[in-house]
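Contents: one structure, followed by commentary.
Derivation of every value follows stated rules applied to the coordinates shown; laboratory data play no part. What you see is a predicted model; the values in this text were computed from it and never measured. Cβ sites come from the backbone with ideal geometry, for glycine too, and all protein chains shown count toward neighbours.
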Amino acid sequence: ARTGTIAIRGRLLSFDADPAVAGEAEAVRFIEDGIVVVRDGVIVEVGEGPAIVRRLDPGTPLVDHRPHLVLPGFIDPHLHLPQTQVIASYGAELMEWLAKYTFPEELRYGDSAVAGEASRFLLDTLAANGTTTAAVYCTTHPVSAEAFFAEAERRGLRMIAGKVMMDRNAPEGLLDTAELGYEQSKELIAAWHGRGRLEVAITPRFAPTSSEAQLEATAALAAEHPDLPIQTHLSENAAEIAYVAEAFPWSKDYTDVYERYGLVRPRALFGHCIHLSERERQVLAEKGASAVFCPTSNLFLGSGLYDLAASRALGLKTGIATDIGGGTSYSMLTTAAEGYKVLALQGQKWPAFEAFHMLTAGNAEAMGINGKVGRLAPGLEADFVVLDSRATAPLRRRMERVETRAEELFALMILGDERTTVATYAAGRRIYDRYQGGPRQLA
Ligand code: GUN
Ligand code: ZN
């Protein structure tokens, strides 16, 4: 996109590495008065504000967001487009929740107008929360994914999405077949993959809703497209795991089912990964796949507690996601806050720097898009979230006693939500501005 040059000034925060691995001094890049220079949607320079201001061409638009924080846009590696009206449905564990609330709602998404309206709501809401990239499950209906991609493209967003494949254990109107799932995915890939900032994910919903024939077709699809992202669910709930053991009696464990069909590989995103054995974690790690931690969903559906320490011990990459609408918040700050509590219940610590790394560069790495987004660095795409760590009365009051950056970020993550978003940028264009009271009207 040719949008010319602009400069954005603020308190810059970005991560060159995972602070848990490299240490804070190596990993954290903070500039108290910094500027990011953007040309045609791409970051061309990041540095000290006063020095860059002196060198900027006169006439370059400069947006001064000080004293607010400027971070890479948040990345949400797991959520469901058709579940914005399923969120906050009462009283069920995973399998009942799917049957009672989710599948009936997903039936509506064969209508492209329904999917288009939901896509606009979802992308408006993500922008208001500072999320600029997501990995999105649509429904079985190809029109649901087409509507989503069209809306994402209009906004200039980097997005990953897929048409769900499922050929059993759901209502007739939501089922495809092994052949149809393969063909429709192929068509979606041909039409949308690599168009602008969009990528298609190979999306078998999870093993319980695919026959072996469909998983074989999915294996062929994956082999034909070795660089594509893959997204599915793994080891979320006890009844689900028991069903997989029964439906695939030859399998060593749940992960083995996906492994058998060549789906455990780099850029494969496995949602939940709560009840994994050591062997499963090892296989996922060795094959370069990623686990996606969905804390609000895991608490809401009573699924269990994600063990970050166990993943780290084996080198299994972890991302963190909202999982709308099993999840209960669109905010990545709230998601991180609930993640902190899930880890606290297991005696695990999660400093704010590590959390903010995961929301940005860590999620980008889990999705295999770390060369594109997730950091404030030259050559990366200009997606930013601007955060006000004094946006609410509870935050302002807490900040009076904050002494370090780590304390500020921790309070921001625990108390922050969409009210903390000052502005959101995608490819250098402002897509949300709180002073305009909502998402900016796009031309
Ligand atoms: N497993 C299979 N489908 C789903 C879904 O839509 N939500 C969650 N949380 N788990 C799933
Ligand atoms: Zn999910």
Dipole of the chain, positive end: most advanced residue of Ser297, Pro266, Ala355 [Cβ charges, Cα centre]: Ala355
Inter-label distance, nm, simple model (7 Å from Cα along the C-beta direction), Ala242/Glu400: 5.4 nm
Highest-MSF residue in the chain out of Glu48, Glu259, Glu246 [GNM, Cα springs under 10 Å]: Glu246
Virtual spin-label span in nm between Arg54 and Ser112, 7 Å along Cα→Cβ: 5.6 nm
Charge tally in the Cβ shell below 11 Å around Met399, where Lys, Arg are +1 and Asp, Glu are -1, Met399 excluded: 0
Residue-by-residue Karplus 3J(HN,Hα) for the range 13-24, coefficients 6.51, -1.76, 1.60, Hz, glycine and proline x: 9, 8, 10, 7, 6, 7, x, 5, 9, 8, x, 4
Proximal aspartates and glutamates relative to Lys100, as straight alpha-carbon distance under 19 Å, when same-chain residues fewer than 8 apart are discounted: Asp167, Glu172, Glu236, Glu240, Asp323
With Cα atoms, 0 to 90° folded angle of helix 178-192 axis to the chain main axis: 20 degrees
Cα gyration tensor category, rounded, prolate or oblate, for the range 231-307 with a/c compared to 1.5: oblate
Max mean-square fluctuation residue, GNM over the chain, Cα-Cα springs under 10 Å, options Asn363, Asn129, Asn169: Asn169
GluC sites (Glu not before Pro) restricted to DSSP loop in the range 373-416 with at most 16 other C-beta within 10 Å: Glu400, Glu403
For Ala289, residues with placed amide H under 5 Å, excluding near neighbours: Arg265
Environment charge at Ala245 (Cβ cut-off 11 Å; Lys +1, Arg +1, Asp -1, Glu -1): -3
Helix axis angle, 238-247 relative to the chain longest principal axis, alpha carbon, degrees: 40 degrees
Using alpha-carbon coordinates, inclination of helix 142-155 to the longest axis of the chain, degrees: 10 degrees
The chain, helix-only ellipticity at 222 nm - DSSP H runs n ≥ 4, -39,500 (n - 2.57), divided by all residues, nearest 500: -10000 deg cm²/dmol
Three-way shape label, the range 90-155, alpha-carbon gyration tensor, a/c 1.5: oblate
